[in-house]
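J.: Have a look at this one.
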Amino acid sequence: MMLRKLLQVLSPRSESPMPSVEGAAEPPTATGPLEPERTVARDGALSGWFNHETGELLPGYDASGDDVVLDVGCGDTPLSSFFANRAGSMIVADLLAENVEKAESRLRAVGARNVRAIVTDTDPLPLDSASVTRVVATEVLEHVPDPTRFMAELVRVGRPGARYLLSVPDASSEALQQTIAAPSYFEPPNHVRVFSREAFERLVVDAGLVIEHRKLYGFYWTMWWCFFWTCKQDLSPPWHPLLESWTRTWGLLLDTEQGGQIKAVLDNALPKSQLIVARKP
């Protein structure tokens with residue numbers, strides 16, 4: 001969800017199995033007119049997200065007119081909308097019908113040529129085997145009751161050579177959240193499991209995929225969430241001064257000469273999420 005909110009900042013404007021309890025969605029990107037949006041957008045860009053010049057959602061992960069993109073657990077703002085006017089076909093899938101409806105509307109609004117919207121619990125996915133070439137499943141696996149079966153379905157629907165973009169919250173960030181978050185944050189249907197980096201990689205490899213790239217990112221969001229729980233406010237403005245101050249501070253850091261270098265160090269030291277790009281042989 002973090003990336004989907006970021007996508008609203010970096011992509012053209014239009015307006016999971018992941019239902020959220022209060023406080024379990026990612027923070028809106030704007031706490032003020034422009035500067036907070038700029039800070040969040042720059043943080044994402046420095047991590048390599050949403051490169052409109054190269055057409056890459058992440059370095060090395062793109063789509064063309066020959067691709068069929070599946071976004072599983074899409075929420076109401078599908079990460080795959082970055083590919084809306086690049087891919088040949090788009091499929092969005094989520095447990096909640098309202099999310100699917102909004103996701104489909106967003107895709108059509110930003111130029112998607114062929115959109116299919118599916119309400120599903122993914123067990124199984126109502127898609128033919130070997131029918132898609134790109135699979136996006138970000139911040140979903142921590143919610144599903146059986147990650148192995150979930151991954152098996154993702155692999156089943158991928159064609160040979162299909163590429164996968166997968167992410168889960170990092171265990172280091174989750175450990176911090178467990179000490180201060182609302183108890184429901186770690187109860188169904190929210191975060192029902194925490195993946196170590198080794199366990200996440202093993203899950204992907206055991207599903208039959210070849211890992212091409214690993215990435216850690218999101219120190220800014222790790223700290224945002226720590227401050228959010230401390231502030232004890234709803235996910236709606238006006239934002240607590242602590243949250244506004246943190247975003248301003250992070251923006252000032254990124255504006256320094258060594259801002260990008262320091263961000264990279266902190267992203268690896270205490271990332272919000274871990275990501276894998278993989279390929280089906």
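J.: Please verify whether Ser80 is more than 23 Å from Gly259 (Cα to Cα), at pLDDT below 95 and among the small types (Gly, Ala, Ser), treating the condition exactly as stated. Steps first, answer last, please.
T.: Details: more than 23 Å from Gly259 (Cα to Cα): yes; at pLDDT below 95: yes; among the small types (Gly, Ala, Ser): yes.
So Ser80 passes the test.
J.: I'd like to check something: does region 128-149 contain any residue that is part of a helix (DSSP H, G or I) and crowded, with 22+ Cβ neighbours inside 10 Å? Quick ask: steps written out before the conclusion?
T.: Of region 128-149, the ones part of a helix (DSSP H, G or I) are 147-149.
Then drop every residue that is not crowded, with 22+ Cβ neighbours inside 10 Å, which leaves none.
No, that holds for no residue.
J.: So which residues in region 64-106 are of a type in the set (A, V, I, L, M, F, W, C) and over 22 Å from Val168 (Cα atoms)? First the steps, then the outcome.
T.: Here is the first cut: in region 64-106, the ones of a type in the set (A, V, I, L, M, F, W, C) are 68-70, 72, 74, 79, 82-84, 87, 90-93, 95-97, 100, 103.
Of everything in region 64-106, those that are of a type in the set (A, V, I, L, M, F, W, C) and over 22 Å from Val168 (Cα atoms) turn out to be Val68, Ala84, Ala87, Met90, Ala97.
J.: Right, here's the next one. Out of region 91-105, which residues are in contact with a Pro (Cβ under 9 Å, 6 or more places away or on another chain) and crowded, with 24+ Cβ neighbours inside 10 Å?
T.: Matches in region 91-105: Val92, Ala93, Asp94, Asn99, Ala103.
J.: Within region 207-238, can you find the residues that are within 23 Å of Leu58 (Cβ to Cβ) and either in a helix (DSSP H, G or I) or of a type in the set (Lys, Arg) (or both)?
T.: If we filter region 207-238 for residues that are within 23 Å of Leu58 (Cβ to Cβ), which is where we start, we get 207-225.
Of everything in region 207-238, those that are within 23 Å of Leu58 (Cβ to Cβ) and either in a helix (DSSP H, G or I) or of a type in the set (Lys, Arg) (or both) turn out to be Arg214, Lys215, Phe219, Tyr220, Trp221, Thr222, Met223, Trp224, Trp225.
J.: Next question, about the same structure. Could you identify the single residue in Phe219, Phe228, Phe186, Phe200 that is within 24 Å of Pro145 (Cβ to Cβ), open to solvent by less than 70 Å² (accessible area, probe 1.4 Å), touching a helix residue (DSSP H, G or I) at 6+ places or on another chain (Cβ under 8 Å) and not β-branched (Val, Ile, Thr)? Talk me through it step by step, then tell me what you get.
T.: Working: Phe219 fails: within 24 Å of Pro145 (Cβ to Cβ); Phe228 fails: within 24 Å of Pro145 (Cβ to Cβ); Phe200 fails: touching a helix residue (DSSP H, G or I) at 6+ places or on another chain (Cβ under 8 Å).
Being within 24 Å of Pro145 (Cβ to Cβ), open to solvent by less than 70 Å² (accessible area, probe 1.4 Å), touching a helix residue (DSSP H, G or I) at 6+ places or on another chain (Cβ under 8 Å) and not β-branched (Val, Ile, Thr) holds for just one of Phe219, Phe228, Phe186, Phe200, which is Phe186.
The rows are residues; the columns are (1) out of contact with any Gly (no Cβ under 6 Å at 6 or more places or on another chain); (2) at pLDDT below 95; (3) aromatic (Phe, Trp, Tyr).
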{"site": "Trp229", "(1), (2), (3)": "yes, yes, yes"}
{"site": "Gln233", "(1), (2), (3)": "yes, yes, no"}
{"site": "His240", "(1), (2), (3)": "yes, yes, no"}
{"site": "Lys263", "(1), (2), (3)": "yes, no, no"}
{"site": "Pro271", "(1), (2), (3)": "no, no, no"}
{"site": "Ile276", "(1), (2), (3)": "yes, no, no"}
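J.: Now for a different question. Restrict the check to region 199-210 and report whether at least one residue is among the acidic types (Asp, Glu), more than 20 Å from the chain's Cα centre (by Cα) and modelled with pLDDT under 95. Even if it seems obvious, please write down each step before you answer.
T.: Residues of region 199-210 among the acidic types (Asp, Glu): 201, 206.
Keeping just the survivors that are more than 20 Å from the chain's Cα centre (by Cα) gives 206.
If we keep only those that are modelled with pLDDT under 95 as well, we get none.
Scanning region 199-210 turns up no residue that is among the acidic types (Asp, Glu), more than 20 Å from the chain's Cα centre (by Cα) and modelled with pLDDT under 95.
J.: Residue by residue through region 126-157, note down the ones that are of a type in the set (A, V, I, L, M) and closer than 25 Å to Ala84 by Cβ.
T.: Step one: of region 126-157, the residues of a type in the set (A, V, I, L, M) are 127, 130, 132, 135-137, 140-141, 144, 151-152, 154-155, 157.
Listed by number, the residues that qualify are Leu127, Ala130, Val132, Val135, Val136, Ala137, Val140, Leu141, Leu154, Val155, Val157.
The values are calculated or read from the model by the stated rules, or taken from the named source; none is laboratory data. Since this is a predicted model, take the numbers as computed values, not measurements. As a convention, Cβ positions derive from the backbone with ideal geometry for all residues, glycine included, and neighbour counts pool all protein chains shown. Surface areas here come from the heavy atoms of the whole protein model, side chains and all, with no ligands, DNA or RNA. Shrake-Rupley method; radii C 1.70, N 1.55, O 1.52, S 1.80 Å.
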